Amino acid sequence: MCGIAGFVDPTRRSGDTELKALAASMAGALRHRGPDGQGIWADAESGVTLGHARLSIIDLSPAGAQPMASASGRFVLTYNGEIYNAAELRAELERKGHVFRGHSDTEVMVEGFAEWGLSATVERLVGMFAFAVFDRSTRVLTLGRDRLGIKPLYWGRANGRIVFASELKALATLPDWAPEIDRQALSAYLCTGYVPAPSSIYQGIEKLEPGMLLEIDGKGETRGQAYWSLLEIAERGQAAPLDLSEGDARDRLDALLTEAVTGRMVADVPLGVFLSGGIDSSTVTALMQANSETPVRSFSIGFHEEGFDEAKYAKQVAAHLGTDHTELYVTAEQVRAVVPKLPEIYDEPFGDSSQIPTFLLSEMTKQHVSVALSGDGGDELFAGYNRYGQGLRVARMLRLLPRPAAVALACSLRAVPPTMWDRLFDMLPRRFRPGLPGDKLQKLADVMSDDATGYYRALIAQWAGAWSLVKGASAPDQAAFSEDIRQRFGDELSWMQYADSVTYLPDDILTKVDRASMAVSLEARVPLLDHRVVEFAWQLPEHLKMRGGQGKWLLRQVLHKYVPKALVERPKMGFGVPIDAWLRGPLKDWAADLLDPAAMAKAGLFDPQPIQEKWAEHQSGRRNWQHFLWNVLMFEAWRRAQRIV
């Protein structure tokens with residue numbers, strides 16, 4: 001895992017010395033992603049420079065250093081990620097006469113480009129990656145990103161250059177960097193807690209979308225093309241679902257996951273696994289241990305607040321599997337120490353509060369290993385989110401319930417404060433008690449106020465009306481939630497899974513894990529998002545994904561081969577943190593300072609009055625606005641860190 005950066009300057013205004021200095025500055029800003037070495041390459045005649053910050057995982061020798069040229073000298077590559085089928089591709093290239101200097105996957109990629117061409121090589125790759133490769137023959141720089149968006153890549157135009165980098169902080173080192181906030185992107189962020197691709201928080205800078213290649217020629221003209229499309233995969237899967245018995249489907253998935261997990265256990269450094277005790281991470285851990293001759297290092301994090309602690313379950317799973325387990329219980333002091341670091345770590349406004357435990361987990365894990373496998377992606381692939389069942393129920397209800405009755409019911413739900421709902425549900429037996437019931441019923445009220453076409457978007461929004469607080473912005477419009485896309489899916493569950501897979505998964509979940517792990521120079525690998533597993537999952541009929549309102553049916557069957565059902569079957573908790581209570585307690589003063597209405601008014605981005613109203617409601621306990629307030633707080637903390645007035 002590494003950091004990459006560079007640019008194309010069509011004006012060719014700089015010589016080699018200046019180009020190398022700029023590349024070194026950009027790569028230096030990404031040192032946390034790659035502390036083991038720094039490389040630069042420049043060609044003044046073409047106006048191209050490439051930078052690289054190296055985290056050594058495969059081939060720790062100088063033979064793995066980047067930017068790396070092909071043996072022919074035609075291609076020069078800077079790359080971030082891991083290619084898990086590099087050994088197979090290398091063997092094929094050797095049969096064609098290629099001689100390798102080392103054993104890095106980087107060399108396999110660049111020689112593959114020389115042998116098969118860019119698109120054909122990328123289509124062969126199994127892994128996670130973001131890269132920039134310069135063809136010295138055609139003088140075209142090509143950017144590429146992996147199929148699911150595991151690794152980040154920003155690009156855009158700045159001061160006449162076409163720039164790119166793993167993180168925005170690398171672009172900020174360029175002379176005359178003076179970006180402006182994209183208010184439309186900001187409005188989307190307030191609603192969801194992340195800046196959705198292809199936008200970034202800055203005008204003129206985009207995220208390269210997953211599964212894309214972008215060519216940049218010497219004149220600065222660009223041409224994008226998709227080499228893999230999840231929409232096409234989903235449509236093909238729906239058109240020809242697998243006709244397998246339950247046993248055969250379980251065995252197929254077991255074999256695919258085993259291959260994905262074992263392929264990600266290859267490293268020249270120590271590795272471990274994030275273990276929450278949930279279905280996804282327990283499956284990954286079980287398959288790792290089943291294919292390891294020594295105890296796997298597993299790591300979990302817990303909270304002292306009841307209703308948020310899964311560490312005890314992780315410990316039970318670890319004991320059953322026989323892993324070498326380490327856990328950390330988060331204290332208020334640790335939270336206060338991490339929060340000021342978040343704007344620097346995430347580099348762009350990011351409002352998923354589970355960023356805090358993810359960073360603390362990564363920080364602890366890095367003390368023991370350099371690579372950790374993670375269970376991310378299972379909810380999107382196998383219909384695991386609670387909101388899928390909720391969404392299906394709400395959709396059916398909205399179709400049957402007259403709109404005036406739905407609005408009246410929503411008003412009734414809102415009339416009871418969330419804290420009162422929480423106390424009422426506390427009277428139920430624990431096994432029937434949902435997490436944060438007051439918060440969920442308020443969300444249900446918000447959803448019921450919408451019409452059927454907007455129910456799911458309203459369901460996943462932090463606060464659907466948040467966009468109206470941004471001066472000069474309009475309501476967000478993401479293609480995945482359009483009626484045109486929805487019509488292309490035969491059932492509502494598949495559409496919800498698809499929408500999450502192309503928005504929430506890359507822009508929130510994978511961003512969170514990438515930034516948190518890379519902040520401490522830890523490589524995180526996500527075997528459930530092996531594209532072969534993804535393609536198989538999209539061929540599954542609904543009854544193999546969800547039964548009785550519970551998702552991940554088939555994935556659970558695989559897990560039950562390795563872990564007793566009683567250890568893993570419980571209500572889903574997610575990786576939440578008690579932000580609700582923290583904003584009334586240890587983080588209250590910090591939050592109040594950031595929400596100062598005078599400072600907001602001076603910045604000229606938000607209407608501060610509704611924010612102050614929600615802050616007051618939250619402090620009183622009448623409503624739980626934790627998610628919306630956290631979005632605002634993370635933006636304000638980021639704005640101050642960037643010194644944007």
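Among the criteria (1) touching a residue at least 60 places away in the same chain (Cβ under 8 Å); (2) of a type in the set (Ser, Thr, Tyr); (3) surrounded by fewer than 18 Cβ atoms within 10 Å (Cβ to Cβ), the one Ser282 does not fulfil is (3).
Give the residue that is nearest to Gly389 (Cα to Cα), with candidates limited to residues of region 461-476 that are among the hydrophobic types (A, V, I, L, M, F, W, C) and in contact with a Ser or Thr (Cβ under 7 Å, 6 or more places away or on another chain). Walk me through how you get there before you give the answer.
To start, the set of residues in region 461-476 that are among the hydrophobic types (A, V, I, L, M, F, W, C) comprises 461, 463-464, 466-467, 469-470, 473, 475.
From what is left, the residues that are in contact with a Ser or Thr (Cβ under 7 Å, 6 or more places away or on another chain) are 461, 467, 470, 473.
Values: Ala461: 16, Trp467: 27, Val470: 32, Ala473: 33 Å.
In this case the residue turns out to be Ala461.
Does Ala71 satisfy the criteria of being closer than 24 Å to Asp146 by Cα and either part of a loop (DSSP other than H, G, I, E, B) or without any contact (Cβ under 8 Å) to a residue 24 or more places away in the chain (or both)? So Ala71 does not fit the description; no. Kindly evaluate Val558 against the criterion of being of a type in the set (A, V, I, L, M) and within 30 Å of Glu123 (Cβ to Cβ). Yes, satisfied. The residues in region 116-143 that are over 15 Å from Asp514 (Cβ atoms), small (Gly, Ala, Ser) and either buried (at least 24 other Cβ atoms within 10 Å of the Cβ) or without any contact (Cβ under 8 Å) to a residue 40 or more places away in the chain (or both) can be counted, and the count is 3.
Please pick out the residue among Ala603, Ala581, Ala599 that is surrounded by 13 or more Cβ atoms within 10 Å (Cβ to Cβ) and touching a Pro at 6+ places or on another chain (Cβ under 9 Å).
On the way: Ala603 fails: touching a Pro at 6+ places or on another chain (Cβ under 9 Å); Ala581 fails: touching a Pro at 6+ places or on another chain (Cβ under 9 Å).
Of the residues listed, the single one that is surrounded by 13 or more Cβ atoms within 10 Å (Cβ to Cβ) and touching a Pro at 6+ places or on another chain (Cβ under 9 Å) is Ala599.
Applying the criterion of at least 3 residues that are surrounded by 21 or more Cβ atoms within 10 Å (Cβ to Cβ) to the helices (runs of 4 or more DSSP H) found wholly in region 290-399 leaves 311-321, 355-366, 378-382.
Would a scan of region 548-566 turn up a residue that is assigned by TED's automatic domain parsing to the domain that holds Val369, β-branched (Val, Ile, Thr), more than 21 Å from Phe359 (Cα to Cα) and in a helix (DSSP H, G or I)? There is at least one residue in region 548-566 that is assigned by TED's automatic domain parsing to the domain that holds Val369, β-branched (Val, Ile, Thr), more than 21 Å from Phe359 (Cα to Cα) and in a helix (DSSP H, G or I).
For Phe536, the requirement of being aromatic (Phe, Trp, Tyr), at negative phi and modelled with pLDDT of 95 or more is met. Is it true that some residue in region 63-79 is surrounded by fewer than 18 Cβ atoms within 10 Å (Cβ to Cβ), at pLDDT below 95 and touching a helix residue (DSSP H, G or I) at 6+ places or on another chain (Cβ under 8 Å)? Looking through region 63-79, at least one residue is surrounded by fewer than 18 Cβ atoms within 10 Å (Cβ to Cβ), at pLDDT below 95 and touching a helix residue (DSSP H, G or I) at 6+ places or on another chain (Cβ under 8 Å).
Just to be sure, is Arg393 touching a residue at least 60 places away in the same chain (Cβ under 8 Å) and over 22 Å from Asp508 (Cβ atoms)? It would help to see each step written out before you state the result.
Numbers: touching a residue at least 60 places away in the same chain (Cβ under 8 Å): yes; over 22 Å from Asp508 (Cβ atoms): yes.
Yes; evaluated as a whole, the condition is true for this residue.
Just checking, does region 449-472 include any residue being in a helix (DSSP H, G or I), out of contact with any Lys or Arg (no Cβ under 9 Å at 6 or more places or on another chain), at pLDDT 95 or above and farther than 19 Å from Lys207 by Cβ?
First, the residues of region 449-472 that are in a helix (DSSP H, G or I): 452-460, 464-469.
Filter again for out of contact with any Lys or Arg (no Cβ under 9 Å at 6 or more places or on another chain), leaving 454-455, 457, 465-469.
Remaining after also requiring at pLDDT 95 or above: none.
The answer is no; no qualifying residue exists.
Scanning region 262-289 for residues that are part of a helix (DSSP H, G or I) and under 13 Å from Leu555 (Cβ atoms) gives Ile279, Asp280, Ser281, Ser282, Thr283, Val284, Ala286, Leu287.
None of Ala185, Ala172, Ala197 is out of contact with any Phe, Trp or Tyr (no Cβ under 9 Å at 6 or more places or on another chain) and within 16 Å of Ile644 (Cβ to Cβ) except Ala172.
Counting only residues that are touching a helix residue (DSSP H, G or I) at 6+ places or on another chain (Cβ under 7 Å) and among the β-branched types (Val, Ile, Thr), region 245-272 holds 2 of them.
Looking only at strands (runs of 3 or more DSSP E) that fall completely inside region 151-258, which ones have 2 or more residues that are at negative phi and surrounded by fewer than 22 Cβ atoms within 10 Å (Cβ to Cβ)? Let's see the steps before the verdict.
Working: elements: 154-158, 161-165, 205-207, 212-216, 222-226.
In region 151-258, 154-158, 212-216, 222-226 are the strands (runs of 3 or more DSSP E) which contain 2 or more residues that are at negative phi and surrounded by fewer than 22 Cβ atoms within 10 Å (Cβ to Cβ).
The values are calculated or read from the model by the stated rules, or taken from the named source; none is laboratory data. Source: prediction; values computed, not measured. Quick reminder, even Gly has a Cβ in these numbers, built from the backbone with ideal geometry, and neighbours come from all protein chains shown.
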